[in-house]
Amino acid sequence: MKQTRLAQALAIGLAMGAGIGGAAAQTARPAAADPAERVIVQFKAGAKPAVTYALARERATVNRSLDRLNAMAVTVPASAVERLRQRADVESVRTDPKRYPLADTVPYGIDLIGARDVWDADRDGQIDAGAPTGDGSTVCVIDSGIVADHVDFEGVELLGGYPDNWNTDVCGHGTHVAGTITAALNDTGVVGVSPGDASLFIVKVFGDETIANCVWSYASDLADAAYRCADAGADVVNMSLGGDFPEPIEEQAFQDLADEGILSVAAAGNDANTAYSYPASYPIVVSVGGVDANKAAYTSSQRNDEVDVSAPAVSVMSTYYVKEAELSVDGNTFFAQAVDGTFEGTATGTLVDGGRCTASDSSWSGMIVLCERGDISFAEKNNAVVAAGGIATIIYNNVPGAIGATLNGSSPIPVLDMSQQDGQTLVANYLGQTATVSTIPEISNDALAYLSGTSMATPHVAGAAAVLMSANPEWTNYQVRRALEQTAEDLGEPGRDDQFGHGLIDLPAALEQLQTDPGDPGPDPDPDPEPTDRTELEKNVPVTGLSAATGETLGFYVEVPVDASDLEIVMSGGTGDADLYVRFGDEPTATLWDCRPYLGGNNEVCSFEAPEAGTYYVDVTAYTAFSGVSLVARYLEPGDPIPVEDGELVRDLSGAAGDELVYTVEVPAGASRLRVMTSGGSGDLSLYAAAGEEPTPDDYDHASMRPGNNEIITISSPAAGTWYFKVVGERAFARATFRATID
């Protein structure tokens, strides 16, 4: 198992058998309670009947028969266990150890902000039907990259990134942040504020191939990254980073993002002072302070009048790039971290409980010793284990959560730490079993780590914003920000204060406020400017004879309706060299466009399979002077004829009697033959053809009306242009095919 076990998890239900009948019940005074134990009884070959009879006398319940192993799992009164062990036909009686269901570990911060109350309110590990999860929202993470093949990002939509090595991370910081935002709910590792449904775009500004560059970037890098996030369609930008001194171009970049409807979130800083950190302290950016699992202030969080909200920042578990330590017991893996100062090595031995390890015990020699936090220092606990000859120390917390132990020195044996939850699980279920520990760092795609800082708080807010935006895409960045601030749990001084801002974010409360009264949407994040000095492109109507001198630009626009598909803007013909630029919602520029083929000559196409409804702006710019160029915009609406390429096989034609399907074929000049066929499937259809317009069963140029689905139309020397073909159901038809070939 590649994740921390949940101590509270329910044991896997295995009960299958029924109680074995015994002697008739006797009327008697109630006996003292005799607690039941579930054990595995292993018996000698051929002894099952006798052992079964003995179990019946002990009033045992058979839970599982394991005939091939000469064993049974049974629940018996505790007083019967020793009697069963003494039987000559019984090999052994052992406690039936519990096994726990695999599950995602839920970092405390996920529940502290109420994320699961939004999408898994019944805590069954499944997303509640209809709950907002971040699906459809995109978060842009400006950081150190991401371990893209990490098991916790399986199924998460990674939309790409910049630069080319965006999908690697030698620092781990960006991977940790991304996991808090949207680690998948996939029965391994951890789960994010969005359970894997929010999409990610990654801009890498730290850790360019070497860990030496994990320390800093520049304001100009962030400004560039901001626009890359916008171009990628981000709804939220996460920046778990910051530094001194404001920079106007950086601030303008984030203002531009806000004007486009994007919410930018950044870490308040970790210097434990009142200084401003940027970009968090720009008014347009949400500045995030930190709290711990008990909602107390993170002591290193910067405090100033720009702090907006707070989120979990202390010992936050998330995805990482390297395993610092490993612990396995009886074949099961538990999450542990290497303690600062540990010996880097491995050890295998019996797991024993040392209590709080306040004094050495000679019985620990050659053992791996569990030590609970408390009473003495971490170093003193480890020294006690070393003095007794122990081969490794595991220190677990005495309060909920991670521990972050340090030795303030070095150790001759491996030293690990783990959460209270996991430590108690080991004490309750795994003592006396063989354990293996390693404190040798290992690059891994299933690594997890605890990190602290406002960097860890920030993705809680970014993930929450993504979940809110997915609940209703009409809610603006201003409304989402206001809801997070106004519904935050007030901590510290009453009202907003410099330590906590408005308080700890409360995702369910923010969602409820938005659903009840989203309030003023703020400035229109994406106003469609009125087309100026532009010519409208009407659907399927070519504009011909275009010309321009070198450097000149001709402007056009096309209005695309709701439910349109397969938008194509096609430039062709003429002489010279024209370049096609297309952008949705705003005029394209030399650097901002959605499509720019940038080919030599004039034959260029911009295609959008699923275009947005609204205005597409089209520029035709003269790289060199051009003339005689044509431009046309095409798109499909429900009910439009479906274009088919030469030789393309269209499958699964189906319909009821009277249903019609219409296809078009573009025939070039000089074609000698056009042949169209339908075939296969069941039922009965007819085929009609006409040049330049849609045929009907009463008005057509050619037709084929045979029984069944096998129809063929052959046209010699067809006219150049668009040919229409209509399939009509004479009665219900299914699974037919359509193909057109041009010679």
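If only the Cβ of Lys and Arg carry +1 and only the Cβ of Asp and Glu carry -1, the dipole of region 642-742 around its Cα centre is close to 420 debye.
Near V632, once Lys and Arg are set to +1 and Asp and Glu to -1 for all other residues with Cβ below 14 Å from its Cβ, the sum equals -4. Straightening the chain between E694 and T274 buys 143.9 nm, computed as 0.36 nm per residue apart minus the Cα-Cα spacing. Across every pair of non-identical alpha carbons in region 593-639, the mean reciprocal distance, once inverted, gives a Kirkwood radius of 13.0 Å. Structural descriptor for the chain: relative contact order 10 percent, calculated from alpha carbon pairs under 8 angstrom and at least 6 residues apart. When only Cα pairs below 8 angstrom with a gap of at least 6 residues are kept, region 535-636 shows a relative contact order of 48 percent. Residue separation of N710 and E645 scaled by 0.36 nm, minus their Cα-Cα distance, works out to 21.4 nm of gained length. Applying 1/(1 + (r/R0)^6) with r as the Cβ-Cβ distance of T358 and A625 and R0 = 60 angstrom yields a FRET efficiency of 0.10. When +1 charges are put on Lys and Arg Cβ atoms and -1 charges on Asp and Glu Cβ atoms, the dipole computed for the chain relative to its Cα centre reaches about 5240 debye.
Taking every lysine pair in the chain that is 8 or more places apart or spans two chains, those with Cα atoms closer than 28 Å amount to 10. Beta bridges assigned by DSSP with both partners in the chain are antiparallel in approximately 70 percent of cases. Whole-Hz Karplus values for region 432-445 come out as x, 9, 6, 10, 10, 10, 9, 10, 8, x, 9, 4, 8, 9 Hz, taken residue by residue from phi with 6.51 cos²θ - 1.76 cosθ + 1.60 and θ = phi - 60°; glycine and proline positions read x.
Once both labels are positioned 7 Å from their Cα atoms along Cα-to-Cβ, the gap between T299 and T406 label points is 1.0 nm. As a ratio to 2.2 N^0.38 Å, the alpha-carbon radius of gyration for region 535-636 is 0.98.
The Cα-based radius of gyration of region 71-196, divided by its Kirkwood radius, gives an Rg/Rh of 1.27.
Could you tell me which residue out of V560, F206, A226 lies farthest along the dipole of the chain toward its positive end? Charges go on the beta carbon: Lys and Arg +1, Asp and Glu -1, centred on the Cα centre. In the chain, that residue is F206.
In summary, the convex hull built on the alpha carbon positions of region 323-402 has an orientation-averaged projected area of 5.3 nm². Spatial offset of region 706-734 relative to region 339-361 amounts to 81 Å, using the alpha carbon center of each.
Each of the peptides 107-120, 34-47 was scored by the mean count of other Cβ atoms within 10 Å over its residues; in descending order, highest first, they stand as 107-120, 34-47.
Average projection, convex hull of the Cα set of region 668-728: 4.0 square nanometres. For the chain, the Kirkwood radius over C-alpha pairs fed into Stokes-Einstein at 20 °C and 1.002 mPa s yields D = 69 µm² per second. Counting beta carbons within 10 Å around each of H176, H502 and listing the fewest first gives the order H502, H176. For V427 and E493, the FRET efficiency from 1/(1 + (r/R0)^6), where r spans their Cβ atoms and R0 equals 45 Å, is about 0.60. Length available on full extension from A78 to L159: 0.36 nm per residue minus the Cα-Cα distance, which gives 23.3 nm. Give me the net charge of E538's neighbourhood, meaning all other residues with Cβ under 12 Å from the Cβ of E538; Lys, Arg count +1, Asp, Glu -1. So the surrounding residues net to 0.
For the chain, what is the mean residue ellipticity at 222 nm derived from helices alone (per DSSP H run of n ≥ 4: -39500 (n - 2.57); sum divided by total residues; nearest 500 deg cm²/dmol)? -4500 deg cm²/dmol, from helical runs alone. Amide H contacts of L685: G708, N709, E730, each under 5 Å away and 5 or more positions distant or on a separate chain (H built 1.01 Å from N in the peptide plane; Pro and chain starts excluded).
Every read-out reported here was derived from the displayed coordinates using simple, explicitly stated rules and does not represent laboratory data. It should be emphasised that the depicted structure is a prediction, and the values quoted were computed from it without experimental measurement. Virtual Cβ from ideal backbone geometry, glycine too; neighbours counted across all protein chains shown.
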